[in-house]
Amino acid sequence: MLLSYLAGLGASLGLIVVIGAQNAFVLRQGIKREWVLPVVVLCALSDAVLIFAGVAGIGAAVQGAPLLLQVIRWVGAAFLVAYGFFAARRALHPGALRAAGGTGPAGLAATLGTVLALTWLNPHVYLDTLVLLGSLANAQGAGRWAFGFGAASASALWFPVLGYGARALSGFFARPAAWRVLDGGVAVLMVALAAMLVLG
């Protein structure tokens, strides 16, 4: 069981420790020190729900519903383009930035809504968690739930490290110019991810 747990932990870390839309948002919230705890908790819980659904065998149903994945792909791409547009606008209009970094703080509901959209409107999250991790878990036989707990543990470890570790960068981001660079990078990343979704 321990080996299955460690296999799940390693496999999940390999998938989530990559700069993507969700990680970029958590990083930004951490640097701004806004709603970090609810953001990292929601990210970890979302991953856990998807991982355990994959372990339970729902990945096969997702693979059998290509139309659903197509809808998620296009809605997700549209959301990423919109998010990238707002990041580009922040980067190009320094007058809209606070000295402490970024525009005025978003409310909790808006922040968590963004987290949910970045997580659940990304078809890759279904392929990574429901299909890939679910398949790897079920290959473990009796250890599949231990694998699932290991995979969920990776998210529970990674998101707090990313969100709270980002505070170490707050000194650098005390300058508005640094936020312009970050938002410019986020804008490029979001549009690139949207293009990847559209092009398959």
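The values are calculated or read from the model by the stated rules, or taken from the named source; none is laboratory data. Computed from a prediction, not measured in an experiment: that's the story for all the values here. Don't worry about glycine lacking a Cβ; one is built from the backbone with ideal geometry, like all the others, and counts go over all protein chains shown.
Observations on the model:
- Complete set of residues in region 25-41 that are out of contact with any Pro (no Cβ under 6 Å at 6 or more places or on another chain) and surrounded by fewer than 19 Cβ atoms within 10 Å (Cβ to Cβ): LEU27, ARG33, LEU37, PRO38, VAL41
- Elements of the type helices (runs of 4 or more DSSP H) sitting completely within region 1-85 and holding at least 3 residues that are at pLDDT below 95 and more than 17 Å from ASP128 (Cβ to Cβ): these cover 2-16, 21-32.
- Close Cβ contacts (under 7 Å, 6 or more residues apart or on different chains) running from residues in region 118-139 that are under 15 Å from SER12 (Cβ atoms) to residues that are part of a loop (DSSP other than H, G, I, E, B) and at pLDDT 85 or above are absent.
- Some residue of region 48-55 being of a type in the set (Phe, Trp, Tyr), under 17 Å from THR114 (Cα atoms) and surrounded by 15 or more Cβ atoms within 10 Å (Cβ to Cβ): no
- Among the criteria (1) touching a helix residue (DSSP H, G or I) at 6+ places or on another chain (Cβ under 9 Å); (2) modelled with pLDDT of 90 or more, the one GLY113 does not fulfil is (1).
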